[in-house]
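The values are calculated or read from the model by the stated rules, or taken from the named source; none is laboratory data. Nothing here was measured: the structure is a model prediction, and the numbers come from that model. As a convention, Cβ positions derive from the backbone with ideal geometry for all residues, glycine included, and neighbour counts pool all protein chains shown. The area values use the complete protein model at the heavy-atom level, side chains included, leaving out ligands, DNA and RNA. Shrake-Rupley method; radii C 1.70, N 1.55, O 1.52, S 1.80 Å.
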Amino acid sequence: DFLGEPVACDGGWYRLPYHGPNSIIGMPEEEKSKSKTLNFRWECPNWQAAWHGTKFTSVYSILFHGQLRASQMEALGDRLFEGMEAIYCFQDNLWKKAEYYLRYEQLGKDGVFWAVMVELLIDRSMRIIHTPDGDKKKTDQWMQPPGTVKIANIWLHGRTAPQMQDSCDCSLRWQPEA
């Protein structure tokens, strides 16, 4: 089982520790010994906490593949800077900005819409900062190549229609293919 028991947190969020492939649990012991835990976030010189907002359907992909998929093609619905295939995320102190990339989806008929954010540990020494033509990209998003990202926690948030805010991206119905 790749997800731990949900823990209720502030603001209606639930944190589920991730125990699958590419988790912080799978980090080599020498990397773990350089890190220290602070409020379920990790800090050390190269590994830093980051946040990734996504669609609920990404949870299945994370659990099946054991990793986040890099944004690669706009035709697939990915959002990315031209020619910059990467896993896009925000540093720990900008975690609220990751909410702009999540989508609330109604999974059942109970009137609750669910959204997902993924708490990451990323190796900033491997960050992507230049466009394919060599220019430095100016953005507050962090861009990481696959293989430099560890998953710490999956965060879930539920809202009913009256609780929805005008800026929330939402799907009225989730209809997985049979």
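Figures for the structure shown
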| item | result |
| --- | --- |
| Segment 90-166, accessible area per residue, ligands and nucleic acids excluded (1.4 Å, Å²) | 53 |
| Rounded percent of accessible protein surface that carbon and sulfur make up, segment 105-161, 1.4 Å probe | 52 |
| Inter-site label distance for I25 and L63 at 7 Å from Cα along Cβ, in nm | 1.4 |
